[in-house]
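Nothing in this text is a laboratory measurement; each read-out follows from the coordinates by a stated rule. Note that this is a predicted model, so its numbers are computed, not measured. Cβ atoms come from the backbone with ideal geometry, glycine included; neighbour counts cover every protein chain shown.
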Amino acid sequence: MSTVTAAVGDRIIVEATRPGAARRDGEVVALHHADGSPPYDVRWSDTGRVSEYFPGPDARIHHYTHPEPPRRPHLFAE
């Protein structure tokens, strides 16, 4: 069994498990563990509400790579 991990900013996608149900997705807005293991606080795109979420077998995590901010020159550099 593989370990699920996420980072703040990743997207969780939960597939519908019954006919007529909608797929849900949301953004991980907070972690409960430093190693990125569940549970996560997720802001759901359909409601805007944040809830604690434990991913099940119907969930997948889309990991985003967060670009490094551009380096700014030091004000007193020569």
Rounded to whole Hz, the Karplus (6.51, -1.76, 1.60) HN-Hα couplings of segment 36-45, x for glycine and proline: x, 7, x, x, 10, 8, 10, 8, 7, 5
Longest site-free stretch - the chain; sites: chymotrypsin sites (Phe, Trp or Tyr not before Pro), DSSP loop, at most 15 other Cβ within 10 Å: 1-63
GLU27, GLU68, GLU52, GLU15 arranged by Cβ crowding within 10 Å, fewest neighbours leading: GLU68, GLU52, GLU15, GLU27
Residues in segment 1-36 that a label on ASP58 would reach, taking backbone N under 14 Å of a point 7 Å out along Cα→Cβ: 13-25
³J(HN,Hα), Karplus 6.51/-1.76/1.60, whole Hz, each residue of segment 11-25, x for Gly, Pro: 9, 9, 10, 10, 6, 5, 9, 9, x, x, 7, 8, 6, 10, 9
